[in-house]
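The values are calculated or read from the model by the stated rules, or taken from the named source; none is laboratory data. This one's a predicted model, so the numbers in the text were calculated from it and none came from an experiment. With ideal geometry, Cβ positions are generated from the backbone for all residues, glycine too; neighbour counts draw on all protein chains shown.
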């Protein structure tokens, strides 16, 4: 069969499927007068259209239906739930362009003008009304220190963001397997070591963001450290962790060629960070970072992971609901980035961001309500509690030694009126310490086990 005849058959299939917005079954296609293809040939044509991302499937087995991705992509997660992202007309246009075969797309290189023309608080990737609506949606109760909300939902956020960010990279750990790994250091059987390392690296990076909220920011030091944590033990050259790349890289399944000069990469990354810092709306800040860090590709690898965590910095600092990328369809997210890379078009990625943030807000609002009100005393002395407990464990103090150390720390650091309650709080924390909550104090299993043996013997 000639290439022209095959393409005609494919076009006819697409036109037929287009007339069925809710989807059409294989049998219904076979029964159509417009398609004169036998059963096996039709299956091959449909498989080719799916591979070309011109159509998608919904449902399973005999209930499977074929439809155009004109209302977004669907993905299955959890108990066979399906999620759909509705797309704007502009997003659909961008989708059509980046779904063309590679040979039909024009090769492009990094366009610095895309960054240069952005003017903080004048230019807006998110429509201002939507940015303000998302800001209101993400707000939590009251004026509180930066990072308070993220700490309240820390255990849930750690698992959700680690899993979803890894899942978007193709990691095959399930949500439950991720939870067992992060809580009990139990690696899933049959998984690639890189997958385990990827999730553990997310854990370290998220803990860094939240535990150091007063020191991290949208700055070069922070982004290099986040890259170092996320890329640990995953790069061929360990020296590339936390460093601007010096190698030429390419983007799989794309005609985009990133910038190659290390000095210019650092200069542009600094410009991205300076521009982001000047943006007043934290949701616009977050989305700007989600666009420009992957577009620049400042590191040898792990650029998208860095952007997903860095985009959470303004949200954490303003005590807004974080963005965990829960249930975000991988193909839609990747296509959104391809539209940025090849077209400098943010429409498709914007629709993903808006959908994902609304979903995160709903998720963490329910989580927050189930937690009850936080203890204001623990919030007030959180860092000091953290330091004191971690110190007792790392220095392997038994109970008598711990009592002395806690009192000394309390006398030197806590006002007289709070000293009694502070000592009580530390003692309760130590008595309740176990393998499942040591991450709160950034303790390793080895440190905990060595201390616990002395603690139990005393």
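Got at least one residue in the stretch 52-64 being at pLDDT 80 or above, in contact with a helix residue (DSSP H, G or I) (Cβ under 8 Å, 6 or more places away or on another chain) and farther than 22 Å from residue 327 by Cβ? No, the conditions are met nowhere in the stretch 52-64. Within the stretch 125-143, residues that are in a loop (DSSP other than H, G, I, E, B) reach partners that are modelled with pLDDT of 90 or more and buried (at least 16 other Cβ atoms within 10 Å of the Cβ) with beta carbons closer than 6 Å, at six or more positions or on different chains, in the pairs 125/287; 125/346; 126/284; 126/287. List every residue pair whose Cβ atoms sit under 8 Å apart, with the two residues 6 or more apart in sequence or on different chains, where the first one lies in the stretch 103-114 and is on the phi > 0 side of the Ramachandran plot and in contact (Cβ under 8 Å) with a residue 24 or more places away in the chain and the second, anywhere, is surrounded by 10 or more Cβ atoms within 10 Å (Cβ to Cβ) and not in a helix (DSSP H, G or I). From residues that are on the phi > 0 side of the Ramachandran plot and in contact (Cβ under 8 Å) with a residue 24 or more places away in the chain, there are no pairs. Scanning the stretch 160-174 for residues that are part of a loop (DSSP other than H, G, I, E, B) and within 15 Å of residue 231 (Cα to Cα), we see that the one that is farthest from the chain's Cα centre (by Cα) is 171. Annotation note: Cβ proximity below 6 Å between a residue of the stretch 148-160 that is over 14 Å from residue 378 (Cβ atoms) and a residue that is modelled with pLDDT under 80 and assigned to a helix (DSSP H, G or I) (sequence gap 6+ or interchain) occurs for 153/364; 153/367; 156/367.
When residue 281 is tested against the conditions (1) crowded, with 22+ Cβ neighbours inside 10 Å; (2) within 15 Å of residue 354 (Cβ to Cβ), the lone failure is (1). Output the number of residues of the stretch 208-244 satisfying the condition of being more than 24 Å from residue 267 (Cα to Cα) and without any contact (Cβ under 8 Å) to a residue 24 or more places away in the chain. Result for the stretch 208-244: 3. On the basis of being outside any loop (DSSP other than H, G, I, E, B), touching a residue at least 60 places away in the same chain (Cβ under 8 Å), more than 18 Å from the chain's Cα centre (by Cα) and assigned by TED's automatic domain parsing to the domain that holds residue 215, does residue 285 make the cut? No, not satisfied. Among the residues here, residue 437 does not qualify as closer than 26 Å to residue 200 by Cβ, surrounded by fewer than 17 Cβ atoms within 10 Å (Cβ to Cβ) and at pLDDT 85 or above.
Of everything in the stretch 344-362 that is assigned to a helix (DSSP H, G or I) and in contact with a helix residue (DSSP H, G or I) (Cβ under 6 Å, 6 or more places away or on another chain), the residue that is modelled with the lowest pLDDT is 361. Taking each residue of the stretch 374-397 that is within 20 Å of residue 151 (Cβ to Cβ) and looking for partners that are surrounded by fewer than 16 Cβ atoms within 10 Å (Cβ to Cβ) and modelled with pLDDT under 90 with beta-carbon atoms closer than 7 Å, six or more apart or interchain, yields 377/421; 385/378; 390/442. Checked against the criterion of being at pLDDT below 95, crowded, with 23+ Cβ neighbours inside 10 Å and assigned by TED's automatic domain parsing to the domain that holds residue 249, the candidates 324, 365 yield just one match: 324. Residue by residue through the stretch 6-22, note down the ones that are at pLDDT 80 or above and touching a strand residue (DSSP E or B) at 6+ places or on another chain (Cβ under 8 Å). Listed by number, the residues that qualify are 16, 17.
Residue-by-condition table, conditions (1) on the phi < 0 side of the Ramachandran plot; (2) crowded, with 16+ Cβ neighbours inside 10 Å; (3) not in a helix (DSSP H, G or I):
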| residue | (1), (2), (3) |
| --- | --- |
| 8 | yes, no, no |
| 11 | yes, no, no |
| 34 | yes, no, yes |
| 46 | yes, yes, no |
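Would you confirm, using the coordinates I've provided, whether residue 104 is touching a helix residue (DSSP H, G or I) at 6+ places or on another chain (Cβ under 7 Å) and not assigned by TED's automatic domain parsing to the domain that holds residue 445? No, not satisfied.
Annotation: of all residues in the stretch 381-397 being in a helix (DSSP H, G or I) and modelled with pLDDT under 90, the one that is nearest to residue 451 (Cα to Cα) is 386.
Report yes if residue 296 is closer than 28 Å to residue 102 by Cα and in contact (Cβ under 8 Å) with a residue 12 or more places away in the chain, otherwise no. Taking the combined requirement at face value, the residue satisfies it.
On inspection, residue 338 fails the criterion of being in a helix (DSSP H, G or I), under 25 Å from residue 158 (Cβ atoms) and either in contact (Cβ under 8 Å) with a residue 60 or more places away in the chain or not assigned by TED's automatic domain parsing to the domain that holds residue 170 (or both).
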